[in-house]
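*Asks:* Got a structure for you, questions after.
The values are calculated or read from the model by the stated rules, or taken from the named source; none is laboratory data. Keep in mind it's a predicted model, so treat the numbers as computed, not measured. Because the Cβ atoms are built from the backbone with ideal geometry, glycine has one as well, and the counts that use them run over all protein chains shown.
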Amino acid sequence: MIDYIPKPTTFSALVGWGEDDPSPLFSAMRDCLDHVEAVKPYRAGSLGLTTEDLLPLLKAAAGFSPSGPESARHFFEKHCTPFMIQRLDEKPGFVTGFFEPEVDVSDHQCEIYRYPFYRRPLDLVDIDDGNRPRSMDPSYAFARSRDGKIDLYPDRGEIDRGYLDGQGLEIAWAKSKVDVFFTHVQGAARLRYRDGRMARITYAGKAGHAFSAIGRLLIDRGDIDAATVSMQSIRDWLIGNPAKVDEVLWHNRSYIFFREAAVEGLDRGPIAAAKVPLVAGRSLAVDRLIHTFGFPFFIRSETLTHLDAGKPFARTVMALDTGSAIIGPARGDIFTGSGYDAGEQAGTVKHTADFYILVPKAAAARLSP
């Protein structure tokens, strides 16, 4: 059931638009154009916008270099019409933050480095309406295939207890199960080996089970205050309660598998679901069932101020990623960058926000009511 409407508006009505500098998005638009022309178009979401709708904007951006913030804004004003994503229940949108952690690892297991990052197993298969068993919930996009039968893949607890042992899937080992868990939540990481070598891993698939927030579990149990919950407070609680770590982490049955990614240009972000590098502060994870990768959004939040030195967040971003917890038309996850400081920023982003999608004008005419 559609629970939102795209409502056309104007750039002059976007509070904060006149102060934004969307210049960093032009490199991302060129990357997206290279991908969709050389590999394949992005899958369309239920909003009905397609890569074909996006191409005029990407092609125009490829031949344009903004001379400054005003020039960059004028480009979008010339080529796009903004639409507010308005929920039918009139509730505001909501944003959180994600980042690329940096984790100390070893290339072999020992008493200190005990917890693996796994590659995608051979018995994990993609699921769609063509091969999903009738008894399997439609939300599952991955499952296990063995002996000609498709069933649910083992969950986090089963994998932690050894389901994948002996298959040679380990990429590297970390010191902390908590570090591995939060890397699963973020979907990518930089790995720093003991010899100083740097590597990257990125999302390659999941066990299929729905994401369950352990923060909500800890709030419901009275272990953490709902008013102050953050990634940092959850991590602190886990470190302070080592005997309860497995019980809490296994509440989230979802399990993420990784692949090694290119490490050239560590100044650029990780390559995520849209298959292009993320841009710090300018990339958005969206609900892929609704939105299509590559489209620009303008996000405004009066209460999110710590990312812009006390000013309300008002930035043009691009839909370049997705995530298990990102569900709904006006729900997004802002990529804050890589490393410790980015994690400190991301962990405290949980704010209401207004969502505007910037639609190329030819497609906007079709989207308008």
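*Asks:* So, in region 72-95, of the ones that are in contact with a helix residue (DSSP H, G or I) (Cβ under 8 Å, 6 or more places away or on another chain) and either assigned to a helix (DSSP H, G or I) or among the β-branched types (Val, Ile, Thr) (or both), which residue ends up surrounded by the fewest Cβ atoms within 10 Å (Cβ to Cβ)?
*Replies:* It comes out as 77.
Yes or no, residue by residue, for (1) more than 29 Å from residue 84 (Cβ to Cβ); (2) aliphatic (A, V, I, L, M); (3) surrounded by 17 or more Cβ atoms within 10 Å (Cβ to Cβ):
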{"residue": "228", "(1), (2), (3)": "yes, no, no"}
{"residue": "288", "(1), (2), (3)": "no, no, yes"}
{"residue": "306", "(1), (2), (3)": "no, no, no"}
{"residue": "311", "(1), (2), (3)": "no, no, no"}
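*Asks:* On to the next question. Report whether or not residue 308 is more than 16 Å from residue 7 (Cα to Cα), out of contact with any Cys (no Cβ under 8 Å at 6 or more places or on another chain), part of a loop (DSSP other than H, G, I, E, B) and in contact (Cβ under 8 Å) with a residue 60 or more places away in the chain.
*Replies:* The answer is no for residue 308.
*Asks:* Give the residues of region 198-229 that are more than 24 Å from residue 117 (Cβ to Cβ) and of a type in the set (S, T, N, Q), sorted by residue number.
*Replies:* Selection gives 228 alone.
*Asks:* Select, from 352, 316, 292, the only residue that is part of a strand (DSSP E or B), surrounded by 20 or more Cβ atoms within 10 Å (Cβ to Cβ) and either polar (S, T, N, Q) or over 17 Å from the mean Cα position of the chain (by Cα) (or both).
*Replies:* 316
*Asks:* Only one residue in 268, 282, 288 is among the basic types (Lys, Arg) and at pLDDT 95 or above, so which one is that?
*Replies:* 282
*Asks:* Could you check region 248-267 and list, in sequence order, the residues that are part of a loop (DSSP other than H, G, I, E, B) and in contact (Cβ under 8 Å) with a residue 12 or more places away in the chain? Walk me through how you get there before you give the answer.
*Replies:* To start, the set of residues in region 248-267 that are part of a loop (DSSP other than H, G, I, E, B) comprises 250-255, 262-267.
Hits for region 248-267 are 250, 251, 252, 253, 254, 255, 262, 263, 265, 266.
*Asks:* Looking at this structure, is residue 88 more than 24 Å from residue 269 (Cα to Cα) and under 24 Å from the mean Cα position of the chain (by Cα)?
*Replies:* No.
*Asks:* Report every pair of residues separated by at least 6 positions or lying on different chains whose Cβ atoms are under 8 Å apart, first residue within region 350-369 and at pLDDT 95 or above, second of a type in the set (Gly, Ala, Ser) and not in a strand (DSSP E or B).
*Replies:* Hits for this filter: 353/330; 354/330; 355/330.
*Asks:* Have a look at 164, 169 and point out the one that is among the hydrophobic types (A, V, I, L, M, F, W, C), modelled with pLDDT of 95 or more and surrounded by fewer than 19 Cβ atoms within 10 Å (Cβ to Cβ).
*Replies:* Exactly one residue qualifies, and that residue is 169.
*Asks:* Considering only region 355-366, state which residues are buried (at least 17 other Cβ atoms within 10 Å of the Cβ), touching a Ser or Thr at 6+ places or on another chain (Cβ under 9 Å) and hydrophobic (A, V, I, L, M, F, W, C). If you could, list the steps in order and put the result at the bottom.
*Replies:* Quick first cut of region 355-366, residues buried (at least 17 other Cβ atoms within 10 Å of the Cβ) only: 355-360, 363-364.
Within this subset, residues satisfying the condition of being touching a Ser or Thr at 6+ places or on another chain (Cβ under 9 Å) are 356, 358-360, 363-364.
358, 359, 363, 364, listed by residue number.
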